[in-house]
Every structure is written in structure tokens, then in C-alpha cells.
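Worksheet: the structure to be examined is printed underneath.
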Amino acid sequence: MFNLLLQFTRQNGFPATVIMPGQISGPGWTIINPWGNTSLRVFQDIADGKEIALPNFGQEILHPVHGFDVAQVFFKAIAHKNQAVGETFDAEAATHITLCGYAKHLYAYFGLEPKIKFLPWPEWCTYEGNQEECDHTYYHIARSGVFSIEKAKRLLEYQPKYSCIETIDLAVKSYLARGLIAVR
């Protein structure tokens, strides 16, 4: 699809730019969690110091990116139109995080030692207990990849304001402030 759009751009001069964001997050957003879905249960279980299970070996990659930084890439693409037309850009933080790294970070955020076990995919889906959330996880982790912002930095002068950890922390802080998760 993107290739057709960019081909049309090259052939007909249609001014198109493709921007592919990671998992847009931040205060007020529903952040993708260490399970790769939007269930609040994993946040609450970690805040409560419970053991959690992660699918596979927890090495699948997520890309939490603050909404501000995604907007920044769009703005920069408009401001640098001559460099942006006919190009694709990843709108990401400068780094990414694995499911396991994310879970460990959340335990540390709540001042707790990590309690993590790993389950093969079918067993993890049973553990998670919600087929819709299991499917949601699958679509995030099956596309686990590493993306680069170097092109956006070079052509658009993009500099992310937030790291993926800062984005996660702001989302969790927002969840706590809104009473969606609680420290007991």
C-alpha cells in the first residue's frame, strides 16, 4: 500500500509522505503494556507485587512513543516538505523495550523486585484468559521489530523529546492519577 502511494508520488508528483508511528502513548492514552495488549490487569498485578507471566521469553519488542513526538514528526515533515515528499519515516522514541524489560521497569517503578515467569504462547493465552487480549498481544508481538529514526533525524531534524521509559512512566502516572490502577 505504502509503496503504491510512493510510486504514485514519483510518477505523478502527488506530494505524499508516509509516517509510521510506534505504539502512541503518554498521559491520557491507553498504553500497550508488557503483555503487548491494553489490559490494565498486568499493571495492577505488578503494583500489587504479584508474579506475572510473559509470553514466550519476553524478548518481543515494543515501541512506546509519546504522542508529542509523533506530532513532531508530522510537523517536521510539513516544515521540511522538500526532504519529506516521497519518503517514509518511523515516528518512534530513540530506543525500544522488550516485554521483559518493560515488566522489570514497572516493578522498579513501584519499588518492587521483579517476579516474572515465562510461558509458551498457548499456555500464556490461557493464563491471560481473554481471547481478544490474546489476539491483541499476538498482533503486537508478531510484528516485533527494530525501527530506526535516523532518517527522520537526518532529513527532518527530528529529535524525540521523550524516551520510551519516560513515555511509559507518564502513562502509568496518568493511570494512577485517574484511579485506573492503585498502589495499595
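The values are calculated or read from the model by the stated rules, or taken from the named source; none is laboratory data. This one's a predicted model, so the numbers in the text were calculated from it and none came from an experiment. Cβ: placed from backbone, ideal geometry, glycine included. Neighbour counts: every protein chain shown.
The set of residues in the range 159-168 being farther than 15 Å from Val42 by Cα and of a type outside the set (Phe, Trp, Tyr) consists of Gln159, Pro160, Lys161, Ser163, Cys164, Ile165, Glu166, Thr167.
Looking at (1) more than 15 Å from Cys164 (Cβ to Cβ); (2) assigned to a helix (DSSP H, G or I), can you tell me which one Gly101 breaks? So the condition that Gly101 fails would be (1).
Using the structure shown, decide if Thr17 is touching a helix residue (DSSP H, G or I) at 6+ places or on another chain (Cβ under 7 Å), farther than 22 Å from Glu166 by Cα and among the hydroxyl-bearing types (Ser, Thr, Tyr).
Yes: the conditions hold for Thr17.
Listed here are the residues, each with its yes/no results for (1) in contact (Cβ under 8 Å) with a residue 24 or more places away in the chain; (2) assigned to a loop (DSSP other than H, G, I, E, B); (3) buried (at least 21 other Cβ atoms within 10 Å of the Cβ).
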| position | (1), (2), (3) |
| --- | --- |
| Gln44 | yes, no, no |
| Gly49 | yes, yes, no |
| Leu54 | yes, no, yes |
| Gln59 | yes, yes, no |
| Ala77 | yes, no, yes |
| Thr95 | yes, yes, no |
| Ala108 | no, no, no |
| Gly111 | no, yes, no |
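Selection over the range 78-108 of residues that are hydroxyl-bearing (Ser, Thr, Tyr), farther than 18 Å from Ala53 by Cα and either modelled with pLDDT of 95 or more or more than 20 Å from the chain's Cα centre (by Cα) (or both) gives a count of 0. Can you spot a residue in the range 11-33 that is in a helix (DSSP H, G or I), buried (at least 21 other Cβ atoms within 10 Å of the Cβ) and not small (Gly, Ala, Ser)? Scanning the range 11-33 turns up no residue that is in a helix (DSSP H, G or I), buried (at least 21 other Cβ atoms within 10 Å of the Cβ) and not small (Gly, Ala, Ser). Of the numbered criteria (1) at pLDDT 95 or above; (2) of a type in the set (A, V, I, L, M); (3) surrounded by fewer than 14 Cβ atoms within 10 Å (Cβ to Cβ), the one Ile116 fails is (3). Where helices (runs of 4 or more DSSP H) fall wholly inside the range 119-184, the ranges with 2 or more residues that are within 23 Å of Tyr107 (Cβ to Cβ) are 121-128, 131-141, 164-177. Residue count for the range 38-76, restricted to those that are aromatic (Phe, Trp, Tyr) and within 18 Å of the chain's Cα centre (by Cα): 3. Which condition breaks for Ile141 when tested against (1) hydrophobic (A, V, I, L, M, F, W, C); (2) free of Cβ contacts under 8 Å to residues at least 40 places away in the same chain; (3) within 21 Å of Asp90 (Cβ to Cβ)? Exception for Ile141: condition (2). Checked against the criteria, Asp69 counts as assigned to a helix (DSSP H, G or I) and farther than 16 Å from Thr137 by Cβ. Considering only residues in the range 119-171 that are buried (at least 17 other Cβ atoms within 10 Å of the Cβ) and either touching a Lys or Arg at 6+ places or on another chain (Cβ under 8 Å) or polar (S, T, N, Q) (or both), the one that is nearest to Trp29 (Cα to Cα) turns out to be Thr167.
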